[in-house]
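Down below is the structure, laid out as structure tokens.
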Amino acid sequence: MIGSSYRKKNNLAQAEKYYIESIEVLGTIDTDLKKELAAEGHALLGVLYSEAFLNRDINSKAEKSILQALDIFNARNSIRNTHTTTHKEFLCHIGKHKWRLGSIYNRLDKFNEALDEGFYDAKYIMEDNLNNCSDALLQKARVFEGMGQSFLRKGKLDVALDYQTKSINIFKQILGESATFASTSFRIETFIRLNKLKDAYQDFLTTLEFSQNRKNNYYQLLQLSNLYHAAFIQYKQKDFKKSHEHFVEFIKRSKIFCKIFLDKETYENLIATGMFVELNCDDIDRIKSISIYLENSVHIFSAIYGQITHPFVIDYVLVNSEELQKVVKDLKIMVTKFGSVQ
């Protein structure tokens, strides 16, 4: 579809226009193929909205579109162990749309729904290969990627790591390493939270090798988050110079992303409160500057995700900031008590 070309360029208006036109044209065609094509049009429209708005899809455009795709096959509800002969002919298509439903729910922060209503059904279809789906292995990699994200946000880190690694291995096998970008990006965070810093930084370096053609907000946010991860890893490994360098790049990229993604008032509030100020280490010690960057990151990601209670923020970014705040506080106490700290 022409809409997919515009989607890759992050041109929401043109992509939306062509997807809608294709759906309208299909409404005039009366063939067995119409179901599959119409459902694909609705599903791709949902993916477009999801990648553009993320969890800020206040009108639920993405969810409504993907559910319309599933309604064409009468497959909105779970089909595990209950699929009918009506479903059988279209199981491969249903599996793909269930994966997309799970991905959309992940971006809407509905992680339980992502698993229960999306990924588990898709996994059931693809793992059992119920209809000899030609792309079953690819869809399995995609489903494992999504499940890895769901379990990461639910705090089940070992389960998340298992699915992320399975996804990466399958992607490498069938498409090559560049296809692992999203799974690898989420695994960086998982490794950090499991205190596997060396593995985490290696994954970060791996993502730098990928040339990402997709310019949508979803992938831009992953790239931005990876820079944050890298900066925090280097702080934990006590390479404060490298950590500071990563944070400078993170702040630069954050400003660009937030100007595009956020509403004007929220963006200007971040500007006014100095969230994008680059700190000069000649004027302030590196640990203190990293502490400020970590604190500012809480505000930046809270603005992006719409709330500090988002699990990425409250369970990870805020925890990282508070950890260093305590270190800085303890250092101040020691300096006050002993005069200097060697």
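The values are calculated or read from the model by the stated rules, or taken from the named source; none is laboratory data. None of the values given here were measured: they were computed from a predicted structure. Here Cβ is always computed from backbone atoms with ideal geometry, including for glycine, and neighbour counts include all displayed protein chains.
Say we look at segment 9-57 and pick out the residues that are assigned to a loop (DSSP other than H, G, I, E, B) and among the β-branched types (Val, Ile, Thr); which of these is modelled with the highest pLDDT? For segment 9-57, the residue satisfying everything is Thr31.
Here segment 111-155 is the region considered, the condition is being among the aliphatic types (A, V, I, L, M) and surrounded by fewer than 22 Cβ atoms within 10 Å (Cβ to Cβ), and the residue that is modelled with the lowest pLDDT is Leu130. Just one of the listed residues (Lys242, Lys264, Lys288) is under 26 Å from Ala182 (Cβ atoms) and either more than 23 Å from the chain's Cα centre (by Cα) or of a type in the set (D, E, K, R) (or both), namely Lys242. Annotation for segment 56-72: at least one member residue is out of contact with any helix residue (DSSP H, G or I) (no Cβ under 7 Å at 6 or more places or on another chain), surrounded by fewer than 23 Cβ atoms within 10 Å (Cβ to Cβ) and either among the aromatic types (Phe, Trp, Tyr) or in contact (Cβ under 8 Å) with a residue 60 or more places away in the chain (or both).
Of the candidates Phe301, Phe276, the single residue that is assigned to a loop (DSSP other than H, G, I, E, B) and on the phi < 0 side of the Ramachandran plot is Phe276. Please pick out the residue among Tyr235, Tyr228, Tyr201, Tyr219 that is closer than 19 Å to Glu51 by Cα and either assigned by TED's automatic domain parsing to the domain that holds Lys288 or at pLDDT 95 or above (or both). Matching residue, one of Tyr235, Tyr228, Tyr201, Tyr219: Tyr219.
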